[in-house]
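Working notes for the structure below.
The values are calculated or read from the model by the stated rules, or taken from the named source; none is laboratory data. Model, not experiment: these values are computed from the prediction. Glycine gets a Cβ as well: all are built from the backbone with ideal geometry, and neighbour counts include every protein chain shown. Heads up: the accessible areas ignore ligands, DNA and RNA and are worked out on the full protein's heavy atoms, side chains in. Shrake-Rupley method; radii C 1.70, N 1.55, O 1.52, S 1.80 Å.
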Amino acid sequence: MARSERVAHIFLYLLRPSSASLLLLGRPRSQRDPVKLPCGIRCSAATTMDQSLLLALPDDALLAVLACLPARHLLSCRLACRRLRDLCQHPDLWRSVRLKASEDCQLVRAALRFAPCLCELDLIGMNMDVEEPDLSACAVAKLVVELTGHKFVARTTAMLRKQSALGALRELTLQFDDDFTSEPMQTEWNISTLLGAVCNANSLRSLTIENISEVPLLASLGDLEGGSFLQELSYLSFSDDDDTLHEALMKAHAATLEHVHLNTRDFPVSDLKVLPNLVSLDLGDVGWVYSVSPEVPKLLRGASSQLRSVVISYTDPSNAELLLALAASPAARDLETLRVYSESNDVFGHMAAALPQFPALQSLTISVCCRPENGDLKHFLRALSPMTAPSLTELILRPPRKVCLDALLHDSAVTDLLRRNPRLHFHVQFNSLARCRHCLWCGSDFYTRQVALAAHCREAGGPADCRQTAG
């Protein structure tokens, strides 16, 4: 237990309700019960410390101790006396608190009644059929809400209006679920009032929409009347029909959007072209994108030079045009981060050919689902050098299925790669699928970790798991 936590626990114990009552009654010290510290805490000074001495500390010192307590203990401390009640409601104690209804719904309800603010509030798991959360006095910086019907849409709208009035909301996640047991099957979501509340939350900077209900979210620019203030938009949709909400959001906030993450079957290429401040573009995960519109390569080929981060994925070799189009774009010269997801082994050959077109690339992630054949991976590793990738300092590989991790990490191609690129960190992200059945090393728990291999010794500012494997 850290020293600050130990002091906080001693403080909390001395101010337990029974001790606090004695303090308020003014009973002589000789008549007070002896203080017994919790098991595992040893502090000779604390055994003779009087509660009045603790409360004699200045507010700054008490706040420093209270900052070490979890939210539940803060709510308990506020019952000791009026001074602690006021101090335990100090905004500095709550600005970093994150609460989830799925972990402790009672704590969430209590915090919403007494806490002045919260860093993050996740209401997924709270039964809003029984009780509507009261957010009138608690200013939340990040709010996560699950919507499973029109009743939840109405209550979420009311919450957003309250948070808009408080002006602290910066991030909002709306998860549209597929639980329609309480009402007839819907053909579409009626979210006009909800969108109106979103458009009035001018403090909002990041909006995440997760539509896993398979029901389309329909919207028009008329539903989004208001100024442009969103800087980040993340949109996921499982609907077989085309949603129009993400298109309307991009049009309404085109002037301010900098980061766009799309995980849909169809990409609104025409809307993406008119985002003047776009810095990062995420075009989805390989497990979800089954086909790519012919317009997408055109979009990437004309990507602006201000673009710094791109995520692309494709499921067959024919979609490699996405990578080649990006390499031929004005953004290629200044691109700093690139993540590529693929179900095709050809991604290694395509990436090796495109590397010289990305001279500013600092971080590259390649994830494949199939085991490389015919030395595809080794060919790519040999193509990496200070000449082809002069700025590359991070290479992240998510191995395909049934690959022996021990053999991969000790392969001569990896050793030669690190020797040629002394500044490079080669990350291998282990998972349950990327291991063979016969190697004892792969069968150990070590595969759940991520290891960063390098030719240099561990340096300040580098990965904490950096390991020198080549000299």
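Quick look at the values:
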{"read-out": "Inter-residue pairs, beta-carbon under 7 Å, first assigned by the TED database to the domain that holds residue 309 and touching a residue at least 12 places away in the same chain (Cβ under 8 Å) and in the range 337-356, second part of a helix (DSSP H, G or I) and charged (D, E, K, R), 6+ apart", "value": "345/376; 348/376; 349/376"}
{"read-out": "Pairs where the first residue, in the range 83-112, is outside the structural domain of residue 126 (by the TED database) and the second is acidic (Asp, Glu) and surrounded by fewer than 16 Cβ atoms within 10 Å (Cβ to Cβ), C-beta under 8 Å, 6+ apart", "value": "87/59"}
{"read-out": "Matching entry among 377, 364, 381 (being in the same structural domain as residue 412 (by the TED database), free of Cβ contacts under 8 Å to residues at least 60 places away in the same chain, under 22 Å from residue 411 (Cβ atoms) and assigned to a strand (DSSP E or B))", "value": "364"}
{"read-out": "Test: residue in the range 143-163 that is touching a Gly at 6+ places or on another chain (Cβ under 7 Å), in the same structural domain as residue 261 (by the TED database), modelled with pLDDT of 85 or more and in a helix (DSSP H, G or I)", "value": "no"}
{"read-out": "Residue under evaluation residue 270, criteria (1) at pLDDT 80 or above; (2) in the same structural domain as residue 216 (by the TED database); (3) hydroxyl-bearing (Ser, Thr, Tyr); (4) surrounded by fewer than 21 Cβ atoms within 10 Å (Cβ to Cβ), criterion not met", "value": "(1)"}
{"read-out": "Selected residue (only one of 368, 347 is open to solvent by less than 30 Å² (accessible area, probe 1.4 Å) and modelled with pLDDT under 80)", "value": "368"}
